[in-house]
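This is the structure I want to talk about, given as structure tokens.
Every read-out reported here was derived from the displayed coordinates using simple, explicitly stated rules and does not represent laboratory data. Quantities reported herein were computed from a predicted structural model and do not represent experimental measurements. Cβ placement follows ideal geometry from the backbone for every residue including glycine, while neighbour counts extend to all protein chains displayed.
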Amino acid sequence: MKTENTVWHEQHISKQQRSTLKKQKPCLLWYTGLSGSGKSTVANAVDALLFARGCHSYLLDGDNVRHGLNGDLGFSDVERVENIRRISEVAKLFVDSGLIVSTAFISPFASDREVAGKMLEQGEFIEVYIDTPIAVCEQRDPKGLYQKARKGEIKNFTGIDSGYDVPQSPAIHVKTAEKSIQQCAQQIVEHLIENGFIYAL
């Protein structure tokens, strides 16, 4: 809830100046997909490739953010919306600093992803759909969450008793069941090169 006595304070250093200094175009790589699809793993691999290239980037991981900033939120639909709203605002600030930002969240609702995209300038929001069949996600089940959800020990679990809006036209469509993590990461980096966010080596 906004107060009446706050005014946006313009900074002396612009986003363009920060971007020029970093020799890259800032953007937000928004990874979305089911639990166990490989969002965090792929995002980390991309971040490592960017770092190796000398790019300035940062990864905001869903679980990590819930340990602090969003530690007061549960997993009801309302709380999921607030979770994404907060991370969208944080990501916007990071992009404004000239960084290539990655967010790895299930973000199951298309409406929330659309709102996140509208917060940024044209072209800065890059939706990355980590498309992994739920059967594969359950087989991986790195945190044992699907097993708990099937037993009814976890409620509002995406893909089991809570829905997931599949991206209709993601900027990048990644299939982790068909490619290695390194191949998936390289696919995303190549998109950034082809669209002028970073330079080819």
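Which value, in Å to one decimal place, does the Kirkwood hydrodynamic radius take for region 143-186 when every pair of different Cα atoms is included? Walk me through the numbers on the way to the answer.
Numbers: mean 1/r = 0.0778 Å⁻¹.
It is 12.9 Å.
Oh, and also: Please work out the Cα convex hull volume for the chain and give it in Å³ per residue. Walk me through the numbers before you get to the answer.
Numbers: hull volume 26.0 nm³, N = 201.
Spread over its residues, the Cα hull of the chain gives 129 Å³ apiece.
Further, regarding this structure: Once you place label points 7 Å from the Cα toward the Cβ at ASP165 and LYS143, how far apart are they in nm?
Taking the simple label geometry, ASP165 and LYS143 are separated by 2.2 nm.
Just to be sure I follow the rule: in region 23-194, considering lysines 8 or more places apart or on different chains, how many pairs have Cα atoms under 15 Å apart? Could the numbers behind the result be given before it?
Numbers: LYS25/LYS92; LYS39/LYS143; LYS39/LYS175; LYS39/LYS179; LYS92/LYS118; LYS143/LYS151.
Taking the Cα cut-off of 15 Å, the pair count is 6.
Specify the residue with the greatest mean-square fluctuation among ILE188, ILE160, ILE106, computed from a Gaussian network of the chain linking alpha-carbon atoms under 10 Å apart.
Top of the fluctuation ranking is ILE160.
Against the 2.2 N^0.38 Å scaling, with N counting residues, where does region 76-181 land? I'd like the Cα-based Rg ratio to two decimal places.
Numbers: Rg = 15.1 Å, N = 106, 2.2 N^0.38 = 12.9 Å.
Dividing the Cα radius of gyration by 2.2 N^0.38 Å gives 1.17.
Separate question: Distances longer than 14 Å among the Cα atoms of region 10-57: what percent of all pairs is that?
On the way: 701 of 1128 pairs.
It works out to 62 percent of all Cα pairs.
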